[in-house]
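Below is one structure, written out as structure tokens; comments come after it.
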Amino acid sequence: MPIQSTLAGSLSMPSIPEIDTVVQYLSSLSPRIRLLLATGSLLALIIKYLRVKSAKRANGGRYYIEDLSKVGSTSELQDAWNSYDVIVVGGGTSGCALAARLSEDPNIRVLLLEAGGSGTALVQSRTPSMFGRLFITKHVHQLRTEPQVFARGKKNFWPRAKMLGGCSSINAQMAQYGAPGDFDEYFNKYETYIPHPDYPSVNTSARGTNGPIRVGYNNYVSKPSVAFIKSCISVGIPFTPDFNGPQGTMGVSRIMTYVDEKYRRVSSESAYLTPNVLARNNLTVATNATVTRVIFGNVKGEVRAVGVEFAREKNGQRYRAKAKRDVVLCAGAVHSPQILMLSGIGPSEHLRSNNVPIILDQPNVGQNLVDHPVVDLYFKDKHNASAKWMRPKTFGDGVKLISALTRYFILGWGGPLATNFGESAAFIRSDDPKLFPPSKYPQHLTDSTSAKDSPDLELFTTPFAYKEHGAIWFEDHTFALHCYLVSYLKNPEDMWKLVRGVRALLAIAHTQPLAGYLDHASTKDELDHQLHLKSDAEIAELVKDRVETVYHPTTTCRMGPREDGGVVDSKLKVYGIRGLRVCDASIFPKIISGHTAGGCYAIAEKLADDMKTEYRSN
Ligand SMILES: Cc1cc2nc3c(=O)[nH]c(=O)nc-3n(C[C@H](O)[C@H](O)[C@H](O)COP(=O)(O)OP(=O)(O)OC[C@H]3O[C@@H](n4cnc5c(N)ncnc54)[C@H](O)[C@@H]3O)c2cc1C
């Protein structure tokens, strides 16, 4: 059964009980529990108030336009359409950054169209630990993969955000950019590193100081995640002070996150669409505006994107707006190729079979999809100290939750609610002879890394275990270790690399001090304390059962030569069409060896520079 249906069922509203029954029930409770409930209710009211306040601030109608007739026209006649220089489609990670940077030039009139609403208005997005609560809501495009033949035919859940900030508003905020050399110039441009006294060895001179994206360490990390770092060092993974430093990504450390001084998530929306930026006369941001297609015209004998069509609802009123210079698709690795195809640019057979009139036969659109597959391991927390109380079941859980809410929302002190869950990480190579000695691992695996000093496996921790993307939590107090392939090949060797990743996790889990936090005496089937006794073939079966996405799809509108699968050139222009570009994770020529949000900021910064220069010179 699909996850959505299962959860939708469990989230459906219970019938409202009679008021007398409620009063009767409350009177039967002890004074202690009544006090707790009263405190909880008061806190809930305060949170609700803060939420409404922040929604108003972000969304007060002054900045984000919801009435689409104010930005588009219902007429078929082009002369009647509202006119902009650039229309940015999708206000996600790249889209907000691109629109904000382009509108720095007062001569460029920009319209940003986003299918969802504001992300900063949602407390679940702003609070670093609450993003999972958005997965099965209207704020996320509810997607599933095709059946995965190498993973028991599962149709894996594949969430993509539907709100300003895009996936930067729902991601795990792990600020690691892949191979840092690829982005040096641009990550200095978009980030500001906030130094933290507990991490003095970060080389601040190698970090950005003026960019809109704030990165740093939040003030909470669970004890097993700290122990993980020490155990990694003991098994031979060197400590690194910073995954984004000039020394590269390899090693183990706590993970830096996209977090501000008040321990709130930093998203593309919060960072780039600031009140000052939104006050610009040449920037218009419309929300709940889904682009249904790009409109083309014939200009001087060439096919040119002249505007877009958009709507609030699937079968609702269509609006049109004109782009004098460019339409830029920033709808992400799933939706940018979808919009191209809906507009008639894609593999002609596929378009024909879906009755889409063909503008350009481009077989590469939507091809070359790459993602990072992840495998999770589950362990019992020996000290029963996990953050299971975040979904309270006992009186003690309730007390912990209320104190965490008070600490985070009322006192502004961060704490456990500021965790991004992915707390510590190690980047390793599956051919590292120290971790995988050839005597024990004789199979030669093809090197799929981008360079000799790049990793192909990431190992990371979360302060408790979960299944189904966080929808299912364990009854026990747990801790989880995860490994994912950072360089993905459609190749049987992927499996054996993940098996090596699992072996590395097991070695770390059985090494002190982490071993001291895990109850390795547990023989429960649903936990992995006995997994080290299994053969590689048995672990391979577990990989097939558990493999999931780590949410990094890329490369579906690849930048590169046409004959090499390319859809866009190095200025991100769609081949064969004038005035149409793509700028988001879909253009990555190859998936990066790490987390993908940083790359999305970098390409938007780069394209904004290129477009501004190009327009100035014309
Ligand atoms: C759960 C999760 C966890 C992740 N964790 C991390 C992490 O810890 N660190 C990291 O670096 N990366 C992480 N990632 C990946 C990273 O966030 C994404 O790769 C990146 O944000 C993608 O940016 P984008 O600009 O390509 O697209 P998005 O940010 O997805 O933006 C696309 C936007 O386009 C809008 N859109 C789509 N179709 C239309 C349409 N027809 N009309 C108008 N608008 C449209 C969408 O609503 C969305 O807002 C995670 C992703 C997810 C989902």
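Numbers at a glance
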| item | result |
| --- | --- |
| Degrees between helix 597-617 axis and first principal axis of the chain (Cα, 0 to 90, nearest 10) | 20 degrees |
| Residue 223/residue 541 FRET efficiency (R0 41 Å; Cβ-Cβ; nearest 0.05) | 0.80 |
| Trypsin sites (Lys or Arg not before Pro) lying in DSSP loop within the stretch 245-318, provided at most 12 other Cβ fall within 10 Å | 262, 300, 314 |
| Length released on extending from residue 298 to residue 32, taking residue separation times 0.36 nm less the Cα-Cα span | 88.4 nm |
| Counted charge near residue 518, where neighbours are those whose Cβ lies closer than 14 Å (Asp, Glu -1; Lys, Arg +1) | +1 |
| All-pairs Cα distance distribution in the stretch 411-544, expressed in whole percent, bin size 10 Å | 10, 39, 34, 14, 3, 0 |
| Unsatisfied cross-links (Cα-Cα over 19 Å) in the set 382/434; 230/434; 497/534; 154/544 | 382/434 |
| On Cα atoms only, tilt of 223-235 relative to the major axis of the chain in degrees | 90 degrees |
| Charge context of residue 445, other residues only, Cβ under 14 angstrom, K/R +1, D/E -1 | -2 |
| Relative contact order %, the chain, counting alpha carbon pairs below 8 Å whose residues are six or more apart | 19 percent |
| The chain - mean residue ellipticity at 222 nm from DSSP helices (-39,500 (n - 2.57) per run, n ≥ 4, rounded to 500) | -8500 deg cm²/dmol |
| Overall Cα dimensions of the stretch 239-313, principal axis frame, Å, largest first | 58, 32, 27 |
| In the stretch 526-581, the trypsin sites (Lys or Arg not before Pro) that fall in loop regions by DSSP, at most 14 other Cβ within 10 Å | 571 |
| Hz values of 3J(HN,Hα) by residue in the stretch 205-215 - Karplus curve (6.51, -1.76, 1.60), Gly and Pro given as x | 5, 8, 10, x, 10, 10, x, x, 8, 8, 10 |
| Overall Cα dimensions of the stretch 191-275 - principal axes, largest extent first, Å | 49, 27, 21 |
| Of 413, 427, 402, farthest towards positive along the dipole that unit charges on Lys, Arg, Asp, Glu beta carbons give the stretch 389-435 | 402 |
| Estimated FRET transfer efficiency when R0 is 56 angstrom, pair residue 393-residue 569 (beta carbons, to 0.05) | 0.50 |
| For the chain, the longest site-free run once GluC sites (Glu not before Pro) in DSSP loop states with at most 12 other Cβ atoms within 10 Å are removed | 77-260 |
| Gain in span if fully extended, residue 512 to residue 210, counting 0.36 nm per residue against the direct Cα distance | 104.7 nm |
| For the stretch 69-136, diffusion coefficient by Stokes-Einstein and Kirkwood Rh (Cα), 37 °C, 0.692 mPa s, µm²/s | 230 µm²/s |
| 5 angstrom amide H check on residue 156, placed H, neighbours 5+ away | 145, 148 |
| Extension gain, residue 350 back to residue 104 (0.36 nm per residue minus Cα-Cα distance, nm) | 84.6 nm |
| Fewest-first ranking of 295, 213, 87, using other Cβ atoms within 10 Å as the exposure measure | 295, 213, 87 |
| Nearest-0.05 FRET efficiency for residue 406 and residue 203, computed from C-beta distance (R0 51 Å) | 0.90 |
| Value of relative contact order over the stretch 528-618, rounded to a whole percent, pairs C-alpha under 8 Å and six or more apart | 21 percent |
| Derived scalar couplings ³J(HN,Hα) [the stretch 340-356; Karplus, 6.51 cos²θ - 1.76 cosθ + 1.60; whole Hz; x for Gly, Pro] | 4, 5, 4, 8, x, 10, x, x, 4, 4, 5, 5, 4, 5, 9, 6, 9 |
| Alpha-carbon centroids, the stretch 573-618 and the stretch 189-240: separation in whole Å | 28 Å |
| q = 0.06, 0.08, 0.12 Å⁻¹: log10 I(q)/I(0) that the Debye formula gives for the chain, counting C-alpha atoms only | -0.33, -0.59, -1.29 |
| Nearest 10 degrees, 0 to 90: helix 492-509 Cα axis against the chain principal axis | 40 degrees |
| Whole-Hz couplings from phi, Karplus 6.51/-1.76/1.60, listed for the stretch 164-172; x for Gly and Pro | 4, x, x, 5, 5, 8, 10, 7, 7 |
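All of the numbers you see were taken from the coordinates with simple rules; none came from a lab. Computed from a prediction, not measured in an experiment: that's the story for all the values here. Here the Cβ is made from the backbone with ideal geometry for all residues, glycine too, and neighbour counts use every protein chain on show.
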